[in-house]
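Quick one: this structure, given as structure tokens, is what I'll be asking you about.
The values are calculated or read from the model by the stated rules, or taken from the named source; none is laboratory data. What you are looking at is a predicted structure, and each value in this text was computed from that prediction instead of being measured. Glycine gets a Cβ as well: all are built from the backbone with ideal geometry, and neighbour counts include every protein chain shown.
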Amino acid sequence: MKSSEPQSSFSIRQYGLIIALVVIYAVLAFARPHFMSMNYMLTLLRQISINGILAVGVTYVLLTGGVDLSIGSLVALSGVMAAHFAHPGEYWLIASIFMGIITGMACGTVNGWVVTKGKVAPFIATLGMMTAARGIAFIASGGRPVSRLSTGFTHIGSGGFLGIPIPVWILAVVALVSWVFLNRTRLGRYVYATGGNERAALASGINVHRIKIMAYVICGALAGLAGVVQAARSTTGQPNTGMMYELDAIAAAVIGGTSLAGGVGGVGGTILGALLMGLIGSGLDLLNVSSYYQMVVKGMIIVGAVWLDNRGKC
């Protein structure tokens with residue numbers, strides 16, 4: 001039986017991730033010296049911020065033993081809805097942010113309800129939401145990007161504070177709050193218990209349905225937040241954005257030690273996984289590797305992460 005206690009200390013895999021990050025960074029710095037510049041590192045962190053936010057969100061769901069394939073489409077839908085409220089002089093900035101997050105939360109609630117009350121497999125339930133949310137994004141935008149956004153809104157994606165990009169600050173806050181929640185609160189322990197052994201969690205009085213719904217709601221809310229950041233970065237609400245984002249996020253979480261079977265993992269490893277994915281992608285770009293080959297590498301990383309997860313359970 002897997003432990004229901006939060007995995008607060010680094011595992012061997014996470015130490016291996018740190019070593020891999022250092023080695024890859026050193027190789028890239030040797031191949032391209034400008035890779036070591038602070039500006040480039042901040043650019044890299046800005047680039048991985050959206051995947052990092054999504055990866056933290058999907059970690060909640062994976063810890064309960066579920067999966068969410070809809071988050072890429074939720075990024076598109078939430079970005080479109082936020083952009084509708086971000087035109088200059090029409091609505092408050094907070095309204096556009098709120099609309100993006102609440103859209104993701106609503107979709108996450110539906111996912112959680114269908115999985116728990118409807119007893120539909122998470123893969124099928126979220127696959128349906130992935131298709132439906134993408135369709136709603138195209139309907140809401142009329143099939144065109146939603147543009148003419150306020151400078152206050154776009155500043156979320158392009159601006160900075162104390163020399164650090166705002167998306168990086170957002171990721172840091174999301175990661176810190178999630179780490180505290182999962183490792184220092186009763187509900188966080190319930191998340192681990194639900195994924196570790198659902199029957200034992202039920203026997204101990206935990207309402208596993210509520211915990212699972214909560215996990216999907218949080219995942220949806222963070223996908224909505226990522227959609228807001230994405231729309232602010234691109235200065236438009238794009239209904240076709242977020243393609244395959246869900247696979248990148250799940251890969252980052254699994255590479256970081258979160259088990260697909262639930263009950264094992266955490267935010268710290270997920271952030272390391274997102275950093276590794278971003279570093280590899282950026283390095284391949286710097287080395288002028290074709291995007292086609294990059295897709296092959298990414299696929300191998302995802303398969304390898306799942307293989308390591310399965311080996312860890314043997």
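Just checking, how many residues over segment 278-292 are part of a helix (DSSP H, G or I) and within 20 Å of Arg32 (Cα to Cα)?
Selection size over segment 278-292: 10.
Is it fair to say Val67 is modelled with pLDDT of 75 or more and surrounded by 16 or more Cβ atoms within 10 Å (Cβ to Cβ)?
yes
Also: State whether one or more residues within segment 227-240 are crowded, with 24+ Cβ neighbours inside 10 Å, at pLDDT 90 or above and in a loop (DSSP other than H, G, I, E, B).
Looking for residues that are crowded, with 24+ Cβ neighbours inside 10 Å, at pLDDT 90 or above and in a loop (DSSP other than H, G, I, E, B), one finds at least one in segment 227-240, hence yes.
Another one. Considering only segment 127-147, I want to know if a residue exists there that is crowded, with 22+ Cβ neighbours inside 10 Å, at pLDDT 95 or above and within 21 Å of Leu63 (Cα to Cα).
Yes, segment 127-147 has at least one match.
Related question: Which residue, of Ile48, Ile24, Ile18, Ile94, is buried (at least 21 other Cβ atoms within 10 Å of the Cβ) and out of contact with any Lys or Arg (no Cβ under 6 Å at 6 or more places or on another chain)?
Ile48
Select, from Leu275, Leu247, the only residue that is in contact (Cβ under 8 Å) with a residue 40 or more places away in the chain, touching a helix residue (DSSP H, G or I) at 6+ places or on another chain (Cβ under 8 Å), within 27 Å of Leu225 (Cβ to Cβ) and surrounded by fewer than 18 Cβ atoms within 10 Å (Cβ to Cβ).
Leu247
Which pairs turn up if I take residues in segment 160-171 that are surrounded by fewer than 13 Cβ atoms within 10 Å (Cβ to Cβ) and look for partners that are not aliphatic (A, V, I, L, M) with beta carbon separation below 8 Å, at least 6 apart in sequence or on another chain?
Phe161/Trp169
Go through Ala121, Ala175 for me and flag whichever is of a type in the set (Gly, Ala, Ser) and either more than 18 Å from Val229 (Cβ to Cβ) or over 17 Å from the mean Cα position of the chain (by Cα) (or both).
The conditions single out Ala121.
I'd like to know if segment 68-83 contains one or more residues that are out of contact with any Leu (no Cβ under 8 Å at 6 or more places or on another chain) and within 24 Å of Glu198 (Cβ to Cβ).
Among the residues of segment 68-83, at least one is out of contact with any Leu (no Cβ under 8 Å at 6 or more places or on another chain) and within 24 Å of Glu198 (Cβ to Cβ), which makes the answer yes.
Within segment 193-205, is even one residue in a loop (DSSP other than H, G, I, E, B), free of Cβ contacts under 8 Å to residues at least 12 places away in the same chain and not basic (Lys, Arg)?
Looking through segment 193-205, at least one residue is in a loop (DSSP other than H, G, I, E, B), free of Cβ contacts under 8 Å to residues at least 12 places away in the same chain and not basic (Lys, Arg).
Is there a residue being among the charged types (D, E, K, R) and at pLDDT 80 or above anywhere in segment 80-103?
Scanning segment 80-103, I find no residue that is among the charged types (D, E, K, R) and at pLDDT 80 or above, so the answer is no.
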